[in-house]
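A short write-up of the structure that comes next.
The values are calculated or read from the model by the stated rules, or taken from the named source; none is laboratory data. If you're wondering where the values come from, they're calculated on a predicted model, not measured in any experiment. Ideal geometry is used to build each Cβ from the backbone, glycine not excepted, and the neighbour counts take in all protein chains shown. These accessible areas exclude ligands, DNA and RNA; they are computed on the full protein's heavy atoms, side chains included. Shrake-Rupley method; radii C 1.70, N 1.55, O 1.52, S 1.80 Å.
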Amino acid sequence: MFPLIKKPKKVIYLDYAATTPVDPRVQKVMRPFENEVFGNPSSLYRQGREAAESINASRGDIANILGVSRNEIIFTAGGTESINLAIFGAVRGCLQNYKNNLKKIHLITSAIEHPAVLESVRELQRQGAQLTVVDVDSEGFIQLDKLFESIRPETVLISVMHANNEIGTIQPIAEIGKRLAKINSTRFQEGLPKILFHTDACQTAGVLDVRPGLLGVDLLSANGSKMYGPKQTGFLYVRAGVVVSPLIFGGGQEYNKRSGTENVAGIVGLAKAFVLANKEQKKENKRQETLRDYCIQKLNKKIPGIILNGPRSNAAVSLKNQNAASMRLPNNIHFSIPGVDGEALLLYLDSYCVAVSTGSACSSASNDPSHVLLAIGRTTKEARGSLRITLGKFTKKSDLEYLIKLLPELVAELQKVVS
Ligand SMILES: *Cc1c(COP(=O)(O)O)cnc(C)c1O
């Protein structure tokens, strides 16, 4: 049953979209804050001031890259928290304009959002809010006509992810932002409130240009654990003037939007990770795209009937000109493979020390087929037979050569069992 292929000496990790290892340079800058510099940033003596200054510098580094002001950056404990603060915070922030009646407000999102977004808007829907979930096409791109047709006078928030964590589709956020700005200026003349625009950039911060000015967003969520930073760290960008009500009340830290003693080591690590990722992103993206396309081509040839999920065309265009460029994340490969169970395949690969995902790590607790794959038109069966391979900065060509050798043989064996 098992192909006679020698196991690699080290684990071949190909699940960078789930999380990334912490960069050693990030670990190094965090270390002092784990012991020597332990002061509470709110304390006035030196230990506290040092901690506060480090947070301030970290905030400045992130703001600089984003081309925004420091006080537009709110540190949180990860992507999910940033997203919850963006969605619930923005809705609560505008609710008094609607007589505190959730039924009077309308939200728009896409069908392939991360559960952090989908479950947040669904919770608001359960509480009475109106919700439109816009379909995507067969490659995962949001249907723009449907998105703009769904806007109503009572629409307060649109949330569309920058890139999908399962199939790697990069959404035209800047285009949506531009069209929305026009709609908002008309609404202003009509005396209607502005529609806020949030993007979940957890898969793109550090990979693509995520400057809010370029994207035309009011709110942007990011996390450290996908960019070689520490887990449970993240930030939310909130455009100056946008009211976001806090979810966590207390001492008033983070401009009163997220109380509690700051995770100083985590914040310093997050900022370092973001700075490094932005410095290295052009070169690294190009390298990963080459590896990605090589791997896609080889597997396409070697595994009969295999279907590439996500953007199919243009996969090899460079990211230099982002508007016309590849609309697939540089590190993403996602296949449906006929006649195999994705989970079985994952476990066999694990026994060969290769770590991949069946689709989305976030839904591994449930047995339901991926909502993303169903949304792009895959059958339940195809969705269950899928594999996500995501590369990172420690991925070598030899890692992929190993996968290209092993995977077709494993698939052939598994297909025999099924048939
Ligand atoms: C990982 C991820 C999240 C959640 O981030 P956490 O830091 O795990 O809370 C949200 N959205 C996308 C697109 C992600 O990839």
Report whether or not L131 is open to solvent by 10 Å² or more (accessible area, probe 1.4 Å) and over 20 Å from the mean Cα position of the chain (by Cα). yes
I need the full set of residues from region 385-408 which are free of Cβ contacts under 8 Å to residues at least 60 places away in the same chain and among the hydroxyl-bearing types (S, T, Y), in order please. S398
Filtered residues of region 166-176 (kept if open to solvent by less than 10 Å² (accessible area, probe 1.4 Å) and more than 30 Å from L14 (Cβ to Cβ)): I176
If we scan region 18-25, do we find a residue that is over 25 Å from H334 (Cα atoms) and open to solvent by 40 Å² or more (accessible area, probe 1.4 Å)? yes
Residues that are within 16 Å of the ligand (Cβ to nearest atom) and modelled with pLDDT of 95 or more: list the helices (runs of 4 or more DSSP H) wholly contained in region 1-108 that include at least 3 such residues. 79-94
Within region 109-207, which strands (runs of 3 or more DSSP E) (wholly inside it) include 2 or more residues that are within 16 Å of the ligand (Cβ to nearest atom) and within 22 Å of I65 (Cα to Cα)? 196-200
Kindly indicate which of I158, I142, I83 is of a type outside the set (F, W, Y), in contact with a His (Cβ under 9 Å, 6 or more places away or on another chain), crowded, with 16+ Cβ neighbours inside 10 Å and within 23 Å of A18 (Cα to Cα). I83
Report, by residue number, each residue of region 178-205 that is of a type in the set (G, A, S) and open to solvent by less than 10 Å² (accessible area, probe 1.4 Å). A201, A205
Mind counting the residues in region 223-241 that are in a loop (DSSP other than H, G, I, E, B), within 10 Å of the ligand (Cβ to nearest atom) and under 13 Å from the mean Cα position of the chain (by Cα)? 3
